[in-house]
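Read-outs: derived from the displayed coordinates by stated rules, not from any lab. Note that the structure is a prediction, hence the values are computed from the model and not measured. For neighbour counting, all protein chains shown are included, and Cβ atoms are generated from backbone atoms with ideal geometry for every residue, glycine included.
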Amino acid sequence: MRLRSRRQLSSLLVLFPALAGCRNEKPPLPPGWEALRKAFPLQEAYRYRLTWVGADSAQGTIEADTLRQILLADTLWWVLKGHVQAEWASLSQPTPNRLTCEEAYLLPQTGLIKAYRTVRVTTATGEILETDELWWDRTSGRLQAPGWVRLQTPKEEVRGYTLESTNNLRSYKLRRIQGRIQNPTL
């Protein structure tokens, strides 16, 4: 075979890998690999109770009617359903903090909790938070509620939407506020 121009040479160099069977694509995964990756053994517990002691000496318990471990987008979640209750307290607290809800998703690696349906948080100092959806990031110490919120402290009762707060509900941001708020003394 005799080449007549540079154009023919360059086109032959481009076509050579395709004609020789070389491809830029990755080889296909073995059959059944995706099914094996998604197959996660069903783990379920009834009348579940977990007790823990944190690094900051906080002690707590989580109780639920059922606990199931599921895999969502390659992340392991614990799904707690039916009368979910969490209590935690540090050594200096006389009474524990309490969170109750109907359903919760717990990310055990980071401690992120997403609580749903009739969520109620009661702090040791008497603050009460009620909402339908609450996200609690224990690592950053932040609470978020994207929907309606009712917050009751010993001095005020506030209703509103989209709460962002600290763990102890001492400082918070709330939109569309309604309710009774006591003015601070100067």
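Quick look at the values:
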{"item": "Ser92 paired with Tyr46, simple spin-label distance in nm, labels 7 Å along Cα-to-beta-carbon", "result": "4.4"}
{"item": "Sites Arg176 and Leu107, calculated FRET efficiency, Cβ-Cβ separation with R0 41 Å, nearest 0.05", "result": "0.85"}
{"item": "Label point distance in nm, Gln59-Thr166, each placed 7 Å from Cα along Cα→Cβ", "result": "2.6"}
